[in-house]
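Down below is the structure, laid out as structure tokens.
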Amino acid sequence: MPPQAYYCTRLGCPQPENHLEENDPTCQACGMPLILSGPRGRYQPIKPLAPMVKP
């Protein structure tokens, strides 16, 4: 079974699919944090929020 993929939420990220590294929870392509903090807790996107479109 492949490792869980996590997705970058930054628009225009060149490689939004990532595999979360235990010591570095940031996007491997652009450096955006993959664990998002919000008023109701912490979130990890596990699928794209919208269709991925190449510019």
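The values are calculated or read from the model by the stated rules, or taken from the named source; none is laboratory data. These figures come from a predicted structure and were not determined experimentally. Because the Cβ atoms are built from the backbone with ideal geometry, glycine has one as well, and the counts that use them run over all protein chains shown. Side chains included, ligands, DNA and RNA excluded: accessible areas come from the protein's heavy atoms. Shrake-Rupley method; radii C 1.70, N 1.55, O 1.52, S 1.80 Å.
Condition check ((1) on the phi < 0 side of the Ramachandran plot; (2) part of a loop (DSSP other than H, G, I, E, B)) across all residues:
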{"site": "PRO3", "(1), (2)": "yes, yes"}
{"site": "THR9", "(1), (2)": "yes, yes"}
{"site": "GLN15", "(1), (2)": "yes, yes"}
{"site": "ASN18", "(1), (2)": "yes, no"}
{"site": "GLY31", "(1), (2)": "no, yes"}
{"site": "ARG42", "(1), (2)": "yes, no"}
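So that you can scan it fast, the table gives a plain yes or no per residue for (1) open to solvent by 50 Å² or more (accessible area, probe 1.4 Å); (2) modelled with pLDDT of 85 or more; (3) touching a helix residue (DSSP H, G or I) at 6+ places or on another chain (Cβ under 8 Å):
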| site | (1), (2), (3) |
| --- | --- |
| ARG10 | yes, yes, no |
| CYS13 | no, yes, no |
| GLU21 | yes, no, no |
| ASP24 | yes, no, no |
| MET32 | no, yes, no |
| ILE35 | no, no, no |
| GLY41 | no, no, no |
| LEU49 | yes, no, no |
| MET52 | yes, no, no |
